[in-house]
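The values are calculated or read from the model by the stated rules, or taken from the named source; none is laboratory data. All values derive from a computational prediction rather than experimental measurement. When we count neighbours, we look across all protein chains shown, and the Cβ atoms used for this are built from the backbone with ideal geometry, even at glycine.
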Amino acid sequence: MYTDLEGKVAIVTGASKGIGEAIARRLGAEKVKVVVTYRSGEKEAKEIVQAIEQSGGQAIAMHADVAQEADVKELIRKTVETYGTLDIMVNNAGMEKPSPSHEMSLDDWNQVISINLTGVFLGCREAIKYMLDHQIKGTIINMSSVHERIPWPLFVHYAASKGGVKLLTQTLAMEYAPKGIRVNAIGPGAINTPINAKKFSDPETRKDVESMIPMGYIGKPEEIANVAAWLASSESSYVTGITLFADGGMTLYPSFQAGRG
Ligand code: BGC
């Protein structure tokens, strides 16, 4: 537990499932007031809010499509109206949609870029604007991926968006460090989430992915939420502009693990 988080206000985008859900629940348990943001999972978001409330926390579900500028502005406005401020912005919403790059439609490219990259930009911009206007030394956490570093055939839009999130995070971290606003990213590896449910339900595929992880197992959403809680708390007060990889070692060139090469 991070006692300094108690009473803070956080927005978590894409929080109706997966990593976003785990982060929302963890922040709720830390007594942060949590805005559980969803695009299509209203029912799930409301269930998460209920669960947080039942364990003594405070939360509210809000709709926002992070790719829509007006939605993001409204999300910040309603958060401040409800909870009075904004201290922590978790830009987590993201999607993936594989296709060979030479056959990828412009619509698919645009959709992934607008949610995974433009959505992160809008969330950062609006949160930072609010924090500057109100002299809040807030914290921003962007969801990147091991694929900000590892190229990923069939996912060129996804990899490009995450590479973008990396430099967006570093640039904003540098720009707003003098104001006390920290901007960091998390780079999850293969995590057991709905995005991956189909893939990992096939034992062969699962084994194959596990063989790319030195620690040998698919991560749990809670293992990413642990990292988010630390980055949100003042325990990480001197940390800005990083991507913290939580990937069981996936970024360590696992094919060399047995001393090959
Ligand atoms: C993707 C997962 C994938 C993992 C490792 C993540 O960013 O969302 O689908 O399994 O990277 O490749």
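So that you can scan it fast, the table gives a plain yes or no per residue for (1) in contact (Cβ under 8 Å) with a residue 12 or more places away in the chain; (2) over 15 Å from the mean Cα position of the chain (by Cα); (3) more than 28 Å from V239 (Cα to Cα):
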| residue | (1), (2), (3) |
| --- | --- |
| I140 | yes, no, no |
| R149 | yes, yes, no |
| E175 | no, yes, no |
| K179 | yes, yes, no |
| F200 | yes, yes, yes |
| T205 | no, yes, yes |
| V209 | yes, yes, yes |
Residues in the range 169-182 that are crowded, with 20+ Cβ neighbours inside 10 Å and either among the charged types (D, E, K, R) or in contact with a Cys (Cβ under 7 Å, 6 or more places away or on another chain) (or both) total 2
Going through the range 183-230 in order, the residues found to be aliphatic (A, V, I, L, M), surrounded by fewer than 17 Cβ atoms within 10 Å (Cβ to Cβ) and within 13 Å of G18 (Cβ to Cβ) are I195, A197
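Do we find that T13 is within 16 Å of I141 (Cβ to Cβ), modelled with pLDDT of 95 or more, touching a His at 6+ places or on another chain (Cβ under 8 Å) and not acidic (D, E) in this structure?
The answer is no for T13.
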Over the range 91-121, the set of residues assigned to a helix (DSSP H, G or I), within 16 Å of the ligand (Cβ to nearest atom) and closer than 21 Å to K198 by Cβ is D108, Q111, V112, I115, N116
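Among the residues of the range 99-129 satisfying the criterion of being in contact (Cβ under 8 Å) with a residue 60 or more places away in the chain and either within 20 Å of G18 (Cα to Cα) or of a type in the set (K, R) (or both), which is surrounded by the most Cβ atoms within 10 Å (Cβ to Cβ)? It would help to see each step written out before you state the result.
Within the range 99-129, the subset in contact (Cβ under 8 Å) with a residue 60 or more places away in the chain is 119, 123, 127.
Imposing the further condition that a residue be either within 20 Å of G18 (Cα to Cα) or of a type in the set (K, R) (or both) reduces the set to 119, 123.
Working: G119: 30, G123: 25.
Restricting to residues being in contact (Cβ under 8 Å) with a residue 60 or more places away in the chain and either within 20 Å of G18 (Cα to Cα) or of a type in the set (K, R) (or both), the top hit is G119.
Which ranges mark the helices (runs of 4 or more DSSP H) fully within the range 142-253 that have 2 or more residues being at pLDDT 95 or above and more than 10 Å from the ligand (Cβ to nearest atom)?
On the way: elements: 156-176, 197-201, 203-210, 221-232.
Filter on the range 142-253 gives 156-176, 203-210, 221-232.
Got a number for residues in the range 3-21 being in a helix (DSSP H, G or I) and within 19 Å of I115 (Cβ to Cβ)?
We begin by selecting, within the range 3-21, every residue in a helix (DSSP H, G or I); these are 3-5, 18-21.
From what is left, the residues that are within 19 Å of I115 (Cβ to Cβ) are 18-21.
Residues that pass the stated criteria total 4.
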